[in-house]
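The values are calculated or read from the model by the stated rules, or taken from the named source; none is laboratory data. The model shown is predicted, which means the values in this text are computed figures rather than measured ones. Reconstructed Cβ throughout: ideal geometry from the backbone, glycine too, with neighbour counts over all protein chains shown.
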2 protein chains.
Amino acid sequence: MNNTKQHFPQHGVTVDAVVLGYNGEALQIVLVKRAIEPYKGAWALPGGFVLANESLEDAVKRELQEEAGLAELYLEQLYTFGDVGRDPRGRIISCAYYGLVRPGSHPVMSGSDASQARWFDVSALPTLAFDHARVVRVALERLRAKISYAPVGFELLPERFTLSHLQRLYEAILDRPLDKRNFRKRFLGLGILKELDERETGVAHRAAQFYQFDVKRYRQLAATGFGMKLV
Amino acid sequence: MNNTKQHFPQHGVTVDAVVLGYNGEALQIVLVKRAIEPYKGAWALPGGFVLANESLEDAVKRELQEEAGLAELYLEQLYTFGDVGRDPRGRIISCAYYGLVRPGSHPVMSGSDASQARWFDVSALPTLAFDHARVVRVALERLRAKISYAPVGFELLPERFTLSHLQRLYEAILDRPLDKRNFRKRFLGLGILKELDERETGVAHRAAQFYQFDVKRYRQLAATGFGMKLV
DNA sequence: TCAAAAGTGTTAACCATACACCCATGC
DNA sequence: GCATGGGTGTATGGTTAACACTTTTGA
């Protein structure tokens, strides 16, 4: 920390992360049970104070590692909440991020100042500490808005997935059914899916084709300014 | 300020505002010439430290009033810049806002810690202090993205305007020509323009019809979740 | 009467939507 | 052989995009 005397007002600054995942059925969020006051025992978003020598993004990555064992995830800044009185400890400003993780990378275990960390279905969240319910709401709105023009959905799926997996994910996020034929037409037409030499096995129905998100192709298309209307 | 000892790391937090205006020809930004170090004499975005008892939005409104005499403008949070080393005074986090003002409400005069404030065409900005050039870039991207699905353009025009004014504004922001007939069809079809009983006077060509943005009607439409594809 | 910008419709291409049946597989 | 989900095409209506001339006004 910086110990020199500063000549300007200073405030506590936290980062908080809405980490979203998808288990094949429902959208989920990582919450941690607070081990210390305030809101001791309540569920909250993972996060904590920004230290003197780290950027906001470094801070949120460190907290996610410490509190939930999460690393290497898609992260994006969401909004900064700075109302006076949003934290009982004093004037604390929170810069919120949202993150997306693939099912594989889910250790989600406890850390230093949080006694537990676990996934909750977004449709069944407990009461949250601070103004975190509001933060979650903003994050879900943002994801819903973003998914229809940017391929962020792939950050929630395993490397290999079927078109039905992708469609079910979109339906879970948008909370409405989508037409199968139109959905397939659109995604295959976009040219950002790479067909793999693999199909499902051991399923009691016709085995589905596996695909992979073609990042390189997507970047080419995005660079030429194509309008990615996904749904 | 809060004088009690705090048990968590603290940082300076500033707000900075990209205030955009439109003079009928070009998009413009308010800049202030810094009267104090660091970057004394350089042009910078209006802004300053957040005090202990004000929200971020209160802080940015206060700074805009003090430094540029601006009040009552459309304001929206843009992004929070928190890299270590972005400010030579130490670890300072900046929450940036962008604002839109109508030509009428342009006092833009000097205040306490800024010796001058004035408008610059966005296409001819001087070298800016801190990382403010980056902040401006982010703000312009945001405005360009936003204008195509939300009627923020009206915040940059006088109460009464012609369809040609509106079109020229869109062309200035998007930096490309738009088709006159299609532009008119779309905006008139949207039903968010109120035709006034006034026309231009003293112009050396057919006098244009004046319109007004119909906020009430817009809110009705927005509430029923209509997709406002504007351009 | 000229210059300058306002105002006005139609057509063709494209895109979004709605919709139903056969196929492959495991049990 | 049946239950389960995978995979496929077409027709229709709506939306977007391209395009040029007449009108009004002041100088």
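What about B:Gly12, is it at pLDDT 95 or above, within 14 Å of chain A (Cβ to nearest Cβ) and buried (at least 22 other Cβ atoms within 10 Å of the Cβ)? When the stated conditions are applied, B:Gly12 does not pass them. Of all the residues in region A:177-214, those that are within 14 Å of A:Arg160 (Cβ to Cβ) and aliphatic (A, V, I, L, M) number 4. Would you mind finding the one in B:Glu67, B:Glu72, B:Glu76 that is among the acidic types (Asp, Glu), modelled with pLDDT under 95 and surrounded by fewer than 17 Cβ atoms within 10 Å (Cβ to Cβ)? It is B:Glu72.
Please verify whether region B:121-137 includes one or more residues that are part of a strand (DSSP E or B), away from DNA strand C (no atom under 16 Å from the Cβ) and either surrounded by fewer than 18 Cβ atoms within 10 Å (Cβ to Cβ) or charged (D, E, K, R) (or both). Checked region B:121-137: at least one residue is part of a strand (DSSP E or B), away from DNA strand C (no atom under 16 Å from the Cβ) and either surrounded by fewer than 18 Cβ atoms within 10 Å (Cβ to Cβ) or charged (D, E, K, R) (or both). Of the listed requirements (1) more than 22 Å from the chain's Cα centre (by Cα); (2) more than 16 Å from DNA strand D (Cβ to nearest atom); (3) within 14 Å of chain B (Cβ to nearest Cβ); (4) of a type in the set (Gly, Ala, Ser), A:Ala223 misses just one: (3). Does B:Ala124 satisfy the condition of being within 15 Å of the chain's Cα centre (by Cα) and away from chain A (no Cβ under 14 Å)? Judged against the criteria, B:Ala124 is not a match. Residues of region A:10-48 that are within 18 Å of the chain's Cα centre (by Cα) and over 18 Å from A:Val136 (Cα atoms): A:Asn23, A:Gly24, A:Glu25.
Residues in region B:190-210 that are more than 8 Å from DNA strand D (Cβ to nearest atom) and surrounded by fewer than 12 Cβ atoms within 10 Å (Cβ to Cβ): B:Glu195, B:Asp197. Among the residues of region A:176-204, those that are more than 20 Å from A:Ala222 (Cβ to Cβ) and touching a residue at least 12 places away in the same chain (Cβ under 8 Å) comprise A:Leu178, A:Lys180, A:Phe183, A:Arg184, A:Glu195, A:Leu196, A:Glu198, A:Glu200. Residues that are within 25 Å of B:Gln28 (Cβ to Cβ) and more than 14 Å from chain A (Cβ to nearest Cβ) were ranked within region B:172-189; the one that is nearest to DNA strand D (Cβ to nearest atom) is B:Lys180. Taking the criterion of being in a loop (DSSP other than H, G, I, E, B) and more than 14 Å from chain A (Cβ to nearest Cβ), the residues of region B:34-60 that qualify are B:Ala35, B:Tyr39, B:Lys40, B:Gly41, B:Ala42, B:Leu45, B:Pro46.
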